[in-house]
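The values are calculated or read from the model by the stated rules, or taken from the named source; none is laboratory data. All values derive from a computational prediction rather than experimental measurement. Note that we place each Cβ from the backbone using ideal geometry, even for glycine, and neighbour counts take in every protein chain shown. Accessible surface is based on the protein model in full, side chains and every heavy atom, while ligands, DNA and RNA are left aside. Shrake-Rupley method; radii C 1.70, N 1.55, O 1.52, S 1.80 Å.
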Protein chains: 4
Amino acid sequence: MSFTTTRKVRFEHCDPAGIVFYPRYFEMLNACIEDWFDARLGHSFGAIHVGGGHAVPTARCEVRFSAPSRIEDRLALVLRPTRLGRSSLDLRIDISSEGEARLHADFTLVHVAQATGRPVGWPAPLRAAIETEIARAGDASLTQGEAPHGS
Amino acid sequence: MSFTTTRKVRFEHCDPAGIVFYPRYFEMLNACIEDWFDARLGHSFGAIHVGGGHAVPTARCEVRFSAPSRIEDRLALVLRPTRLGRSSLDLRIDISSEGEARLHADFTLVHVAQATGRPVGWPAPLRAAIETEIARAGDASLTQGEAPHGS
Amino acid sequence: MSFTTTRKVRFEHCDPAGIVFYPRYFEMLNACIEDWFDARLGHSFGAIHVGGGHAVPTARCEVRFSAPSRIEDRLALVLRPTRLGRSSLDLRIDISSEGEARLHADFTLVHVAQATGRPVGWPAPLRAAIETEIARAGDASLTQGEAPHGS
Amino acid sequence: MSFTTTRKVRFEHCDPAGIVFYPRYFEMLNACIEDWFDARLGHSFGAIHVGGGHAVPTARCEVRFSAPSRIEDRLALVLRPTRLGRSSLDLRIDISSEGEARLHADFTLVHVAQATGRPVGWPAPLRAAIETEIARAGDASLTQGEAPHGS
């Protein structure tokens with residue numbers, strides 16, 4: 001089972017060509033990841049960053065844009081975790097509007113200590129929660145080894 | 001010869017972990033591309049979008065983040081065009097601070113008509129200017145054919 | 001009756017001091033106004049701007065910040081229209097979290113033609129809808145004359 | 001003598017009406033204040049916030065917009081400090097383009113301790129630097145007492 005959030009394209013997201021200015025998508029994508037951590041993993045970004053002394057920076061992202069979005073479009077963001085490493089996590093987010101694909105994003109996040117910026121293995125409860133999510137996502141594969149892109 | 005712009009990391013770019021929130025990088029990357037079009041290609045985004053009825057949306061981007069940036073870091077953004085298609089353009093931007101790599105970004109832009117959103121071949125003067133830039137970049141290859149990811 | 005929207009403070013809104021970076025509040029305030037136009041006035045920003053050739057720029061805003069907001073705070077934005085001019089509109093938005101005031105904002109919007117940027121009287125249906133909202137807001141006064149700060 | 005910075009209006013600042021989306025102005029205004037602290041007061045936001053455990057939040061701002069700005073407009077931001085309180089500072093920023101006024105902004109900043117959020121008197125070197133700036137601004141008045149809107 002994937003995780004879905006919805007967003008309305010607002011005035012603030014659009015550029016002089018009348019379409020979503022792509023850096024605004026990254027705020028939506030980040031918010032979707034934040035919501036997923038909170039709703040499904042039980043570890044909010046606030047708890048991780050402010051209370052916990054850790055962070056979950058993006059190590060890599062690749063986005064392919066297939067069609068523009070316009071003001072008042074209703075967007076669906078569908079998140080699927082795809083691969084869990086010792087301190088890394090790969091996930092995919094697809095954004096569509098009424099069934100039309102808008103973009104496909106692949107992310108690699110890394111769990112790090114704020115003080116050093118160095119990767120730190122996912123704590124056991126977070127790891128267990130991510131594994132459950134990957135199992136629920138069904139079509140995704142769980143790889144225990146490290147990702148080729150490191151972490 | 002590559003094209004370089006510089007940016008200071010500001011308070012507005014940083015997150016509660018004290019490092020640049022990565023969606024802010026996309027605004028810097030876009031500004032670098034905008035400056036390159038204006039300074040080197042002689043076609044400003046204003047002229048293309050507002051006067052010209054065209055747009056240059058991003059079709060694909062891939063970014064690898066290698067180290068975090070902090071407030072008051074001085075960033076150098078180095079842009080190199082790498083491949084020109086009929087209506088597409090690949091370019092690479094590397095961001096570093098005092099020689100330390102921060103991120104490496106690959107973009108594919110497409111020249112489209114605003115009214116239809118459909119790809120339109122680069123106009124001859126713009127094509128000629130891009131070809132000159134690719135030749136100046138030296139290490140880049142000029143491919144006349146279309147990109148595998150379309151254009 | 002006032003109009004209320006809610007927002008969660010996200011990672012993207014917060015600065016290195018761990019509190020909402022105030023320019024981000026303006027995006028929330030604008031989104032609240034946008035939602036009010038859509039939900040209560042029956043005229044979306046999309047219809048006004050894209051279809052209608054008009055715009056509703058902000059002529060003046062004054063914001064007093066009374067307490068900082070932190071990540072994961074639940075904010076309530078309460079909008080009350082206070083004064084309708086020929087082409088202007090005053091409104092007030094109060095933001096609070098669990099009863100604690102965070103900011104108090106006063107806005108003057110102006111209805112203009114996009115082509116000229118000149119003020120244009122509110123169209124009759126929009127004027128009627130705003131008047132109804134002011135009447136519902138109860139404590140607000142409806143002034144038919146122009147605002148001292150113009151319109 | 002006032003403090004002036006310049007900015008080019010970019011694609012990222014503009015909305016579907018082709019003019020600067022006003023929340024983007026607040027980022028420019030904040031950057032101008034940040035540059036002034038760094039260049040004229042000798043205390044960077046980084047040093048104050050990250051090293052020093054203090055912050056300089058905005059307690060109040062009032063902005064009057066007189067004309068829209070469009071892509072590629074060259075903006076001049078002119079900052080003048082106007083009033084120094086024990087822990088507060090009033091300043092004015094005027095933005096214009098080629099002599100045409102675009103907006104006039106009045107700010108009240110407060111120097112606070114990050115841990116408590118409580119106002120803390122300006123440290124002596126910062127106070128002395130601000131007083132020098134107010135004296136240089138010439139037309140501004142130095143008031144030793146507290147501002148009516150607090151500090």
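Table for the structure above
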| item | result |
| --- | --- |
| Residue check, residue A:52 over 25 Å from residue B:30 (Cβ atoms) and at pLDDT below 90 | yes |
| Close pairs (6 angstrom Cβ cut-off, 6 or more residues apart or separate chains): touching a residue at least 12 places away in the same chain (Cβ under 8 Å) in the range C:30-45, open to solvent by 10 Å² or more (accessible area, probe 1.4 Å) and of a type in the set (S, T, N, Q) anywhere | C:32/C:5; C:35/C:5 |
| Of residues in the range B:117-151 being at pLDDT below 85 and buried (at least 19 other Cβ atoms within 10 Å of the Cβ), the one nearest to residue B:80 (Cα to Cα) | B:137 |
| Qualifying positions in the range C:42-84 - in contact with a strand residue (DSSP E or B) (Cβ under 7 Å, 6 or more places away or on another chain) and of a type in the set (S, T, N, Q) | C:58, C:66, C:69, C:82 |
| Count - residues of the range A:99-114 that are modelled with pLDDT under 95 and assigned to a loop (DSSP other than H, G, I, E, B) | 1 |
| The range A:103-116, residues that are in contact (Cβ under 8 Å) with a residue 60 or more places away in the chain and buried (at least 16 other Cβ atoms within 10 Å of the Cβ) | A:103, A:105, A:107, A:109, A:114 |
| Which numbered condition residue D:54 misses (of (1) over 18 Å from residue D:98 (Cα atoms); (2) out of contact with any helix residue (DSSP H, G or I) (no Cβ under 6 Å at 6 or more places or on another chain)) | (2) |
